[in-house]
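For reference, the structure is listed below as structure tokens.
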Amino acid sequence: GENVEQHPSTLSVQEGDSAVIKCTYSDSASNYFPWYKQELGKGPQLIIDIRSNVGEKKDQRIAVTLNKTAKHFSLHITETQPEDSAVYFCADSTSGTYKYIFGTGTRLKVLA
Amino acid sequence: SAVISQKPSRDICQRGTSLTIQCQVDSQVTMMFWYRQQPGQSLTLIATANQGSEATYESGFVIDKFPISRPNLTFSTLTVSNMSPEDSSIYLCSVVFEGGFNEQFFGPGTRLTVL
């Protein structure tokens, strides 16, 4: 990938509400899209990923959707909890290169 | 699950000195990378650590400033040389495990402050 835009930069939601973070990529050759959660003082943790041959993937309260035509992919967190508060990064990559281009990050705050 | 460790976890250094950061994995990996994360910023790839040969550096990063070694499949070091306050960052190693697709897993990071 060459450029990944991520929005919003900060997001505050009430506990129990949903949160959506969106990323846009520019390289049409990108085919792998991971999402990372980074808590304060820790390294990024891979929470979910999607490959370009599927449009949606779900794992309990988190899901990722991919629109290849529009070059958008989004992270959806439902029933948010205070422990979901962290910085979330999207990235894109092309298989075989292993090189990631990261988005600018979204600071999510879940208010109890 | 596999463990990725980094040493030191944090350090405070004087300008002009050098610091070597270690990354150790307890499983076989195919790829190892080093990233920099400046305060409040995203992650920027410094280089790919190649086993037994010179690392592959990204644009803007040079071997003289960030020498990297990878003597075997599970261990790598990154040195930050001749440090200045602008080098204050979190330095992270990441790996792709053997048999993995493209997933990168990160170590806990080394928080460096240069005075």
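Values in this text are rule-based calculations from the coordinates and carry no lab data. Note that the structure is a prediction, hence the values are computed from the model and not measured. Here Cβ is always computed from backbone atoms with ideal geometry, including for glycine, and neighbour counts include all displayed protein chains.
Partner shielding of B:99-107 amounts to 6, given as the average count of beta-carbon atoms from other chains within 10 Å of each residue beta-carbon. Spin-label model, B:S81 to A:I47: label points 7 Å out along the Cα-to-beta-carbon direction sit 3.9 nm apart. Checking the cross-link pairs A:K99/B:K65; A:K68/B:K65; A:K22/B:K65; A:K58/B:K7; A:K22/B:K7; A:K37/B:K7 against a 29 Å limit on the alpha carbon distance flags A:K68/B:K65; A:K22/B:K65; A:K58/B:K7; A:K22/B:K7 as lying beyond it.
The mean count of C-beta atoms from other chains within 10 Å of the C-beta of residues in B:39-48, rounded to a whole number, is 4. Of the GluC sites (Glu not before Pro) found in region B:66-113, those in coil by DSSP whose Cβ has at most 14 other Cβ atoms within 10 Å are B:E98.
Normalised by 2.2 N^0.38 Å, with N the number of residues, the alpha-carbon radius of gyration of chain A equals 1.01.
Using a cut-off of under 14 Å, list every residue of region B:58-77 whose amide N is near the label point 7 Å from the Cα of B:N50 along the Cα-to-beta-carbon line. The answer is B:58, B:63, B:68-71.
For the ranges B:7-18, A:77-88, what's the packing order if you count other beta-carbon atoms within 10 Å of each residue, average per peptide, and put the highest first?
Going by the mean number of other Cβ atoms within 10 Å, highest first, we get A:77-88, B:7-18.
Across region A:32-45, coupling constants 3J(HN,Hα) worked out from phi with the 6.51/-1.76/1.60 Karplus curve, θ = phi - 60°, read 9, 9, x, 10, 10, 10, 10, 8, 4, x, 10, x, x, 10 Hz, and Gly and Pro carry x. With both labels modelled 7 Å from their Cα along Cα-to-Cβ, the B:L115 to A:H72 distance reads 5.0 nm.
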